[in-house]
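Here is the structure we will look at.
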Amino acid sequence: MLRRFLCTCSGGGSTVTAKKKKKNVVFLGSPQVSASVLDKLMAASQASDSIFKLAAVVTQPPSIRDRGRKKLMPSAVAQLALDKGFPQELIFTPHRAGEANFLSNLLGVNPDLCITAAYGNILPQRFLDIPPCGTVNIHPSLLPLYRGAAPVQRALQDGVTETGVSLAYTIRALDAGPVIAYEKFQVDDSIKAPELLSILFDLGSGLLIRELPFILDGSAKEKALPQDDSKATLAPKLTSEESCLSFDQEAPVLHNKVRAFTGWPGTRAKIQVANSKSNGFELLDIKVISTRVCHKGMQSRDKDEILFSGDALQIPCAGNSWLEVTELQLPGKKVMRARDFWNGLRGQKLKLPSQLEILA
């Protein structure tokens, strides 16, 4: 139960309610999408009628993000907090959320509530036991669907037409806590993972600000709905080994994978370019950046030939489907339009390699 702060005046024997003390909120997050949530949370905390204050920020330790510089850089969340003038001594960067020194520092700021948004660290029970109002997470899926590290990416890979964001209490089981609120979002077939992540965390920020009064007064716990574990699906972390496109799959499957894997690890494909000197073909490894599904491709005598139409390479796929590649990247080069790549071939043919040619 939340404590009430009362002031008893001895003069007239009357009881006057003292000004309510603001609740201490601790925010945990790391990447840019988390920084956008923190920005809105900081703005809300500074409003004249705010019922909470930001007591601390927790984020991943500095890491090397620019390979050329080899310099440790703060996370996007830490950088935003510093830019906004947040006290550096209240920005905690533990390697693990169960570290004794970190938990001691957390206790020192006396948090009433902890909020997580793509923090990237497992929270032990010793952490969860500290804030009396609990820990609340912004999760970019309609829970119990897509529990795990890559909910947006796996949803796009599955070709969903609807997803959303959930605000849920954190428990020790993976993304399985009671859901306080959610908001749905319709997904079109061109949106990519980074854009969808940004949209969903923006929606999640709005949900969080709207629900904060009820979370802080405890009433949110009463209305939060338990998840139906029987309907749960998992969204495991992406791996670089998954990045290769195999054109023995149908075009919509490959298009959804390109959208899902945009950012990291990206999608790669091997194609063959005719070599005019040797009258053979050279294997070329490309990064596929942007695609769309072609419902009726051009016809060629060679079923493995890659053609060009309009602004895209047309690649034959399984089930008589065609994948159109509109942007690609060659090794060591910048992203280019498919038209520029095609013009640079100067009439050299493209085709898909056989499995033996890929392995050779």
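The values are calculated or read from the model by the stated rules, or taken from the named source; none is laboratory data. Just so you know, these numbers come straight off a predicted model, no measurement behind them. A quick note on method: Cβ atoms are made from the backbone with ideal geometry, for glycine too, and the neighbour counts reach across all protein chains shown. Only protein heavy atoms, including side chains, enter the accessible area calculation; ligands, DNA and RNA are left aside. Shrake-Rupley method; radii C 1.70, N 1.55, O 1.52, S 1.80 Å.
The table that follows gives values for the structure above.
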| item | result |
| --- | --- |
| Criterion violated by Leu203 - all others in (1) touching a residue at least 60 places away in the same chain (Cβ under 8 Å); (2) buried (at least 17 other Cβ atoms within 10 Å of the Cβ); (3) not polar (S, T, N, Q) satisfied | (1) |
| Tally, over segment 248-263, of residues that are at negative phi and either free of Cβ contacts under 8 Å to residues at least 40 places away in the same chain or of a type outside the set (D, E, K, R) (or both) | 11 |
| Phe86 in contact (Cβ under 8 Å) with a residue 12 or more places away in the chain, open to solvent by less than 20 Å² (accessible area, probe 1.4 Å) and of a type in the set (Phe, Trp, Tyr) | no |
| Set Met42, Met73: member being in contact with a Lys or Arg (Cβ under 9 Å, 6 or more places away or on another chain), modelled with pLDDT under 95, under 24 Å from Asn121 (Cβ atoms) and not β-branched (Val, Ile, Thr) | Met73 |
| Selected residue [open to solvent by less than 50 Å² (accessible area, probe 1.4 Å), modelled with pLDDT of 95 or more and not charged (D, E, K, R)] from Ser240, Ser290 | Ser290 |
| Flag for Asp175 being buried (at least 22 other Cβ atoms within 10 Å of the Cβ) and among the acidic types (Asp, Glu) | yes |
| Within segment 122-141, tally of residues that are touching a residue at least 24 places away in the same chain (Cβ under 8 Å), part of a loop (DSSP other than H, G, I, E, B), open to solvent by 30 Å² or more (accessible area, probe 1.4 Å) and farther than 16 Å from Thr59 by Cα | 2 |
| Test: residue in segment 46-61 that is open to solvent by less than 70 Å² (accessible area, probe 1.4 Å) and at pLDDT below 90 | no |
| Ser198 open to solvent by 10 Å² or more (accessible area, probe 1.4 Å), within 17 Å of the chain's Cα centre (by Cα) and of a type in the set (S, T, N, Q) | yes |
| Selection status of Leu283, among the aliphatic types (A, V, I, L, M), more than 14 Å from Gly159 (Cα to Cα) and in contact with a strand residue (DSSP E or B) (Cβ under 9 Å, 6 or more places away or on another chain) | yes |
| Segment 20-45, subset farther than 19 Å from Leu197 by Cα and of a type outside the set (D, E, K, R), residue surrounded by the fewest Cβ atoms within 10 Å (Cβ to Cβ) | Ala43 |
| Among residues of segment 94-121, those that are in a loop (DSSP other than H, G, I, E, B) and open to solvent by less than 70 Å² (accessible area, probe 1.4 Å), counted | 11 |
| Residue list for segment 142-170, restricted to those being in contact with a strand residue (DSSP E or B) (Cβ under 9 Å, 6 or more places away or on another chain) and part of a loop (DSSP other than H, G, I, E, B) | Leu142, Leu143, Pro144, Leu145, Tyr146, Gly148, Thr161, Thr170 |
| Residues of segment 206-235 classified as crowded, with 19+ Cβ neighbours inside 10 Å and over 25 Å from Gln46 (Cα atoms), total | 3 |
| Flag for Phe261 being surrounded by 15 or more Cβ atoms within 10 Å (Cβ to Cβ), of a type in the set (Phe, Trp, Tyr) and touching a Ser or Thr at 6+ places or on another chain (Cβ under 6 Å) | yes |
